[in-house]
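The values are calculated or read from the model by the stated rules, or taken from the named source; none is laboratory data. Being a predicted model, the structure only gives us computed values, none of them experimental. Because the Cβ atoms are built from the backbone with ideal geometry, glycine has one as well, and the counts that use them run over all protein chains shown. Areas reflect the complete protein model, heavy atoms only, side chains present, ligands, DNA and RNA absent. Shrake-Rupley method; radii C 1.70, N 1.55, O 1.52, S 1.80 Å.
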Amino acid sequence: QVQLVESGGGLVQAGGSLRLSCTASGRTLSWYAMGWFRQAPGKEREFVAACSASGGTTSYADSVKGRFTISRDNPKNTVYLQMNSLKSEDTAVYYCAAYNTVLIGPYEPKSWGQGTQVTVSS
């Protein structure tokens with residue numbers, strides 16, 4: 001397992017942008033595919049985006065494709081989620097996750113961050 005710490009959440013107007021960061025504490029992320037998930041009020045947690053260990057392959061939920069971008073900086077042990085053209089329905093707690101695999105796929109993450117609140121106002 002890896003300890004993950006998220007930051008960058010906050011309140012933003014619809015149409016605005018926000019950049020989330022997730023940094024590993026105590027170990028490198030170089031060998032882990034990483035992902036972002038979110039949970040809106042009254043809803044189940046859902047997949048948002050994922051990135052392979054090298055950053056060469058990415059995957060996105062249809063609801064965020066074209067608006068969100070996942071990237072990583074392995075020397076800094078950090079993964080990012082750039083969120084543009086934010087909508088009210090993007091309001092949720094966003095969680096960073098490590099898959100403990102090199103490539104992305106239909107796997108359940110093994111490590112999770114504490115979550116960071118993103119609120120998009122109309």
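Only strands (runs of 3 or more DSSP E) wholly contained in segment 24-122 count here; list those with 2 or more residues that are in contact with a Pro (Cβ under 9 Å, 6 or more places away or on another chain) and among the small types (Gly, Ala, Ser). Give the steps one after another, and end with the answer.
On the way: elements: 34-39, 46-51, 58-60, 68-73, 78-83, 92-98, 116-121.
Once the strands (runs of 3 or more DSSP E) in segment 24-122 are filtered for at least 2 residues that are in contact with a Pro (Cβ under 9 Å, 6 or more places away or on another chain) and among the small types (Gly, Ala, Ser), what remains is 92-98.
Among (1) under 18 Å from Tyr95 (Cβ atoms); (2) out of contact with any helix residue (DSSP H, G or I) (no Cβ under 9 Å at 6 or more places or on another chain), which single condition is Gly56 missing?
Unmet for Gly56, out of (1) under 18 Å from Tyr95 (Cβ atoms); (2) out of contact with any helix residue (DSSP H, G or I) (no Cβ under 9 Å at 6 or more places or on another chain): (1).
Return the residue satisfying two criteria in turn: it lies in segment 1-46 and is surrounded by fewer than 20 Cβ atoms within 10 Å (Cβ to Cβ) and touching a Gly at 6+ places or on another chain (Cβ under 7 Å), and of such residues it is nearest to Asp73 (Cα to Cα). Before you say what the answer is, go through the steps one by one.
First, pick out the residues of segment 1-46 that are surrounded by fewer than 20 Cβ atoms within 10 Å (Cβ to Cβ): 1, 3, 5, 7-17, 19, 21, 23, 25-28, 30-31, 39-46.
Pick out the ones that are also touching a Gly at 6+ places or on another chain (Cβ under 7 Å) and you get 3, 5, 19, 21.
Details: Gln3: 16, Val5: 15, Arg19: 14, Ser21: 10 Å.
Here the residue is Ser21.
Could you tell me whether Thr57 is open to solvent by less than 60 Å² (accessible area, probe 1.4 Å), over 10 Å from the mean Cα position of the chain (by Cα), closer than 28 Å to Gly26 by Cβ and in contact (Cβ under 8 Å) with a residue 12 or more places away in the chain? Can you show your working first?
On the way: open to solvent by less than 60 Å² (accessible area, probe 1.4 Å): no; over 10 Å from the mean Cα position of the chain (by Cα): yes; closer than 28 Å to Gly26 by Cβ: yes; in contact (Cβ under 8 Å) with a residue 12 or more places away in the chain: yes.
Here the answer is no, as Thr57 does not meet what is asked.
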